[in-house]
Every structure is written in C-alpha cells, then in structure tokens.
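Working notes for the structure below.
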Amino acid sequence: MKIKRLLFLICLMTVWSLGFGQNERPAVEGRGVWMHPGDFGKSEQDVDRAFQQLKKCHINLAIVLIKGTNGALFWKSSKFASAIAPGYENFDLLAALSKCARKYGIRLHAWLCDFTEGKDAPAVRAHPEWLMRNPQGEVTTDEKATAGQNYSDLWMCPAQRPGYTDQWLLPLIEDIVRNYPVDGIHHDYVRYSSIAPDSFCFCDYCLENYLKANHFYYANRPETEIPVKNYFIRPETNWLLDFTIKPKAWDRMSRPEKADFLLNGKSINRADLDYFFYATKNDMITRFVREAWERVFSINPDIEFSAAVWKNPMLNGRFLGQRWTDFAPWVDVVMPMNYREFFQGSFEEYLVYLEDMIRAQKEWCAGKSHLYIGIDASYIYNEEKEPWDRTLGWLRSRKAGLEADKNFEALLEKNLKILERFASPRSSALRSSGEAFLKGKERPEELARLIQDFLSDPPAGFYPEEKLLKVVAVVRKARAEGMVIFASSQLTQKKLWPALERAFAAPAELPHVVQPLENKLSIQTLRALKKQTSR
C-alpha cells in the first residue's frame with residue numbers, strides 16, 4: 001500500500017511538472033444566481049418549483065443563503081439549534097435544496113455571511129467579547145452609515161483565538177459539510193466591516209495581537225526597549241538592525257491612545273504603523289479562509305469553495321482586510337461583486353468600466369482561482385427607477401414652494417408618459433391617479449401607495465431586458481469564465497427571468513481556453529491526492 005501511494009505521488013508530481021492536470025473543471029461557462037430563503041417558500045414542493053425555473057434558464061450553480069447577516073441559520077442544526085431562523089424549526093431548507101439540486105443537476109453552494117451577527121443572535125448574547133470594537137470601545141452598530149441612520153450589522157472579530165472564528169464560524173461550516181451533500185461553501189462578508197475602516201478592530205485582543213503578530217517586542221523581555229540604531233545613511237534602511245516598537249507606557253495607555261499609536265505611530269522615520277495594522281487584518285482573514293478549507297478538506301475533499309468579494313483586492317486590503325489575492329489559493333471560484341452600485345457614471349460608462357475591471361481581475365486571479373463575475377439585476381436599472389423614487393420622495397415630504405411644485409409636476413408628467421408603453425390595468429390606474437392628483441382631486445398618500453405598488457410589481461418590460469443582456473455580453477467579451485447574478489428576487493420582481501433564459505440559451509461551452517491554475521499545487525490535484533492516499 002505504501003509503495004502504491006509513493007508511485008502515485010511520483011506520477012502526480014511528474015504530471016504537475018509537465019503542466020497538466022491543473023484544471024480539472026471543463027471549459028463550461030459558469031451561470032449562477034445568488035438566492036435567499038424567501039425565494040423558496042417553506043416546502044420541498046416550493047423548492048422544486050424554484051429549481052425548475054433555474055433549469056429552464058440553464059443555470060448551473062445556485063448559491064443559497066443559509067446563514068444571514070443577522071446570524072440566523074436555515075438548516076436543522078442540532079449543534080446550533082438556538083440560531084435556527086424563526087419559522088424554519090420544522091422545515092430543513094438545506095436538506096430540500098440539496099435534494100432538488102441533485103435532481104436537476106445544478107451545483108449548490110451553501111452561502112454564509114461569515115463575520116456578521118444580529119444584536120439578539122445567540123453568539124452575541126453568549127459572547128459579547130467577540131464583537132469588533134472601535135477606539136472608543138463601541139461596536140459597529142454604534143457607527144453612522146449616513147446622516148441620521150446607524151449602521152445595521154454587528155461584526156465579529158476574526159482575529160480572536162479562541163473566539164468567534166474557531167468556536168462558532170468554523171464549527172458551523174463543519175456542521176454543514178458533515179450533514180448535507182452540498183457541492184460547495186460560499187464565503188460572503190469574509191472581511192472586516194466597511195463602515196469605518198480605520199476604526200475596527202481595537203478590541204482588547206486585537207490591541208495586543210497587532211504588537212505580537214508583528215513581533216514589535218520580545219515576549220521574554222517585554223519591558224526592554226531597543227531603539228533604532230542609525231547606522232545607514234538613509235533612515236528607512238535602518239530597519240535591518242533589530243529594534244522594538246512597543247511603547248514603554250503601553251500598559252498605562254487608554255484604548256483610544258493605543259489605537260492612535262497603531263494608526264499614526266512610526267517605526268523609523270514616517271507614520272507607517274498603519275501598514276502593519278492593515279496587513280495583520282488581511283492575515284487574519286486569509287488564515288480563516290485557509291483553515292475553513294483545511295477542515296472541510298479533511299471531511300470531504302470534493303467540496304469546493306467560492307467567495308463573494310469586493311472588486312479590487314488592492315483597495316480591499318487597505319479598507320476591508322480582504323486582499324483576496326492572498327486567500328485565493330483556498331477558494332476554487334472568486335466572484336467579484338462588480339455591481340453598478342460600486343461604479344460611478346451612466347449605464348453606458350458602467351459597461352466600459354466593467355470590461356476594464358474584469359480584465360484586471362483576470363490578472364489578479366491568474367493561477368490562483370477561477371473567476372465568475374458578480375453582476376446585479378438591480379442598480380443597472382437606476383435610470384428607470386430613480387425618477388419614480390424622486391416622485392415618492394416629494395409626495396412623502398410634500399415640499400413647499402411654487403418652484404418645487406412646478407418641478408414635481410413636470411417630473412410626474414414625464415413619468416406618466418412612460419406608462420403609455422404598458423397597456424396594463426395597473427398602469428392605467430396609476431396614470432389616472434397621477435392625473436387626478438395634478439388636478440387636486442387625489443391625496444398624495446394614495447398616489448404614493450399606488451406608485452410603490454407599481455414599483456413592487458411592474459409590468460413586463462418596465463425594466464428593459466436589453467440592459468441585463470448588455471451586461472452579460474460585456475462579461476463574455478472580457479472572456480471571464482462565468483457570471484453570478486444578484487439576485488433571484490430581483491429577477492422575479494423585475495420580470496427578468498425570460499431575459500436570462502435568452503442570455504443562457506446557447507450551449508455553455510466557453511469559446512476560449514480557460515487559463516489553467518498555475519503557481520501552486522491546485523486544489524483539484526490535492527483532492528485527487530487525498531482520495532488516493534486515504535484508500
């Protein structure tokens with residue numbers, strides 16, 4: 001048996017050295033959709049109907065949320081029963097998803113919002129010390145997102161050990177892969193909070209860990225200070241000669257003082273300590289992604305990983321601790337969220353920027369992960385929705401003034417003109433209500449209600465299919481390996497499933513050769529090795 005394994009390893013490394021066997025995945029376009037529990041109902045029949053729609057549209061990957069941003073779980077976990085979402089105690093959504101995915105031949109990735117929890121979540125109630133904290137000791141929900149609106153999500157510290165990562169999140173992932181035949185685990189919110197990048201995390205653990213992780217002092221002589229020795233002419237070159245950075249008064253400093261030192265302090269001749277602050281955060285996220293892969297690999301080496309990431313790993317590393325080029329080797333498919341929301345300019349400008357961004361992402365991914373582009377079915381329709389949103393805003397605030405009234409009348413008349421294209425009873429009712437309002441015969445509350453109802457269930461064509469098809473065409477023009485659309489609910493609400501059926505009607509074979517995974521022993525090869533040596 002040992003000889004057999006040794007021969008297999010020799011053959012494997014020979015094949016590797018020749019550059020073959022690195023890209024097990026066939027050259028088939030990835031066609032995915034992000035989906036939420038509300039898209040399925042609460043019966044296996046409801047789930048089956050949803051998968052029928054996916055199959056009709058030639059979707060080959062369903063990414064379904066099973067751990068929400070509030071920490072709620074959508075599977076019948078015996079180990080984490082207290083976190084099961086209300087209403088799902090008696091319906092195992094993940095079991096139904098797994099069954100239907102196999103029935104229709106669609107890959108299923110279990111989607112987790114990794115480092116977020118709700119204020120009443122069991123993990124938060126049991127371990128408030130796991131929360132990220134800013135220099136004042138506040139949590140993320142104490143931050144303002146916009147004027148008058150607090151940030152909504154609680155973020156858990158990825159660095160603390162023991163802590164949320166190893167005592168909650170990693171065991172959650174193990175629970176899934178041990179008990180459900182999913183095809184993959186999907187990382188989302190695999191980062192630090194974006195609400196105040198320079199303010200998190202300064203929990204008690206992190207304050208000490210930033211010093212320890214970068215070896216800013218000697219643990220066996222913690223009180224010893226070794227000053228910079230000015231030997232070389234250029235001050236920055238003197239980093240080569242060992243010195244310590246931990247202030248002598250560190251233990252007497254307050255949390256805000258420590259945070260200020262780590263963000264604004266200097267090591268040699270400039271305020272550069274923030275570099276180590278950001279680098280350590282990136283390392284903590286990469287460590288988690290690697291450990292998740294290792295744990296799952298030991299249970300089922302066929303499980304793959306995917307990750308929803310923000311589009312630019314260089315900026316991500318500075319602001320989010322998510323330099324996904326670092327953790328890409330432990331992710332089969334990277335899915336940058338190239339949503340229009342994160343670009344500036346018109347829709348046509350977005351198409352130009354999107355193509356350019358995809359080409360950059362291909363360079364970042366090369367040799368590390370496969371690349372599926374995340375696109376949205378929401379913000380690409382800003383032009384269609386924004387005038388109605390402004391109309392609703394005026395009706396709800398009822399701005400005073402003759403000029404404001406004239407501007408509003410012009411806006412409403414322009415919107416009502418659009419309705420002429422849609423011969424539906426609801427369009428006619430809305431137009432009649434709008435005209436009555438302009439004549440002073442309709443209350444603003446009633447018109448606002450009709451507009452909101454109309455936007456929630458618009459007639460087919462109100463959101464032009466061509467815009468979504470143009471985005472899909474750009475992804476293909478840039479020669480990405482696949483795409484994932486956010487989200488199923490938007491496709492339903494905007495009546496866009498027929499557009500997707502058209503977009504994916506052609507065979508899924510890619511018209512170009514997929515770049516093989518290079519520069520590392522690929523995940524697929526490791527899986528083959530694991531299977532062989534475990535026999």
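Just give me the residues in segment 198-229 being assigned to a loop (DSSP other than H, G, I, E, B), of a type in the set (A, V, I, L, M) and crowded, with 18+ Cβ neighbours inside 10 Å, in sequence order. If you could, list the steps in order and put the result at the bottom.
Step one: filter segment 198-229 for residues assigned to a loop (DSSP other than H, G, I, E, B), giving 198-203, 214-229.
Subset that is of a type in the set (A, V, I, L, M): 219, 226, 228.
Result: no residue meets the conditions.
Condition first: in a helix (DSSP H, G or I) and aliphatic (A, V, I, L, M). Now tell me which residues in segment 69-111 satisfy that.
Here is the first cut: in segment 69-111, the residues in a helix (DSSP H, G or I) are 81-83, 93-104.
Within segment 69-111, Ala81, Ala83, Leu93, Leu94, Ala95, Ala96, Leu97, Ala101 qualify.
Check whether at least one residue in segment 355-378 is within 23 Å of Val484 (Cα to Cα), outside any helix (DSSP H, G or I), within 20 Å of the chain's Cα centre (by Cα) and without any contact (Cβ under 8 Å) to a residue 60 or more places away in the chain, and report yes or no.
Scanning segment 355-378 turns up no residue that is within 23 Å of Val484 (Cα to Cα), outside any helix (DSSP H, G or I), within 20 Å of the chain's Cα centre (by Cα) and without any contact (Cβ under 8 Å) to a residue 60 or more places away in the chain.
Would you mention how many residues in segment 479-490 are hydrophobic (A, V, I, L, M, F, W, C) and surrounded by fewer than 19 Cβ atoms within 10 Å (Cβ to Cβ)? Step through it out loud before you land on a result.
The first filter runs over segment 479-490 and keeps only residues hydrophobic (A, V, I, L, M, F, W, C), leaving 480, 483-487.
Checking the rest, the ones that are also surrounded by fewer than 19 Cβ atoms within 10 Å (Cβ to Cβ) come to none.
Matching residues across segment 479-490 total 0.
Surrounded by 14 or more Cβ atoms within 10 Å (Cβ to Cβ), under 20 Å from Met156 (Cα atoms) and among the acidic types (Asp, Glu): does that describe Asp188? Lay out the reasoning, then the answer.
Values: surrounded by 14 or more Cβ atoms within 10 Å (Cβ to Cβ): yes; under 20 Å from Met156 (Cα atoms): yes; among the acidic types (Asp, Glu): yes.
Against the criterion (surrounded by 14 or more Cβ atoms within 10 Å (Cβ to Cβ), under 20 Å from Met156 (Cα atoms) and among the acidic types (Asp, Glu)), Asp188 qualifies.
Between Pro256, Pro329, which is assigned to a helix (DSSP H, G or I), exposed (fewer than 14 other Cβ atoms within 10 Å of the Cβ) and not hydroxyl-bearing (Ser, Thr, Tyr)? Let's see the steps before the verdict.
Values: Pro329 fails: exposed (fewer than 14 other Cβ atoms within 10 Å of the Cβ).
Of the residues listed, the single one that is assigned to a helix (DSSP H, G or I), exposed (fewer than 14 other Cβ atoms within 10 Å of the Cβ) and not hydroxyl-bearing (Ser, Thr, Tyr) is Pro256.
Would you be able to say whether some residue in segment 303-323 is in contact (Cβ under 8 Å) with a residue 12 or more places away in the chain, in contact with a helix residue (DSSP H, G or I) (Cβ under 8 Å, 6 or more places away or on another chain) and of a type in the set (Ser, Thr, Tyr)?
Scanning segment 303-323 turns up no residue that is in contact (Cβ under 8 Å) with a residue 12 or more places away in the chain, in contact with a helix residue (DSSP H, G or I) (Cβ under 8 Å, 6 or more places away or on another chain) and of a type in the set (Ser, Thr, Tyr).
Conditions tested, residue by residue: (1) basic (Lys, Arg); (2) over 26 Å from Lys212 (Cα atoms); (3) touching a Phe, Trp or Tyr at 6+ places or on another chain (Cβ under 7 Å); (4) touching a residue at least 24 places away in the same chain (Cβ under 8 Å).
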position	(1), (2), (3), (4)
Leu93	no, yes, yes, yes
Leu97	no, yes, no, yes
Pro122	no, yes, no, yes
Thr140	no, no, yes, yes
Leu169	no, no, no, yes
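Can you tell me which of Asp272, Asp251, Asp204 is among the charged types (D, E, K, R) and within 22 Å of Val139 (Cα to Cα)? Explain how you work it out, then say what you get.
Details: Asp272 fails: within 22 Å of Val139 (Cα to Cα); Asp251 fails: within 22 Å of Val139 (Cα to Cα).
Being among the charged types (D, E, K, R) and within 22 Å of Val139 (Cα to Cα) holds for just one of Asp272, Asp251, Asp204, which is Asp204.
Examine segment 456-470 for a residue that is touching a Leu at 6+ places or on another chain (Cβ under 6 Å) and closer than 17 Å to Leu395 by Cβ, and state whether such a residue exists.
Taking every residue of segment 456-470 in turn, none turns out to be touching a Leu at 6+ places or on another chain (Cβ under 6 Å) and closer than 17 Å to Leu395 by Cβ.
State whether one or more residues within segment 97-109 are surrounded by 19 or more Cβ atoms within 10 Å (Cβ to Cβ), among the β-branched types (Val, Ile, Thr) and over 16 Å from Pro181 (Cβ atoms).
Within segment 97-109, not a single residue is surrounded by 19 or more Cβ atoms within 10 Å (Cβ to Cβ), among the β-branched types (Val, Ile, Thr) and over 16 Å from Pro181 (Cβ atoms).
Answer yes or no as to whether Lys406 is surrounded by fewer than 14 Cβ atoms within 10 Å (Cβ to Cβ), closer than 30 Å to Val334 by Cβ and among the basic types (Lys, Arg). First the steps, then the outcome.
Details: surrounded by fewer than 14 Cβ atoms within 10 Å (Cβ to Cβ): yes; closer than 30 Å to Val334 by Cβ: no; among the basic types (Lys, Arg): yes.
For Lys406, the condition - surrounded by fewer than 14 Cβ atoms within 10 Å (Cβ to Cβ), closer than 30 Å to Val334 by Cβ and among the basic types (Lys, Arg) - is not met.
Where a number appears in this text, it was derived from the coordinates with a stated rule and is not lab data. Predicted, not measured: the structure shown is a model, and the values here were computed from it. Methodologically, a virtual Cβ is constructed for each residue, glycine included, from the backbone with ideal geometry; neighbour enumeration extends over all protein chains shown.
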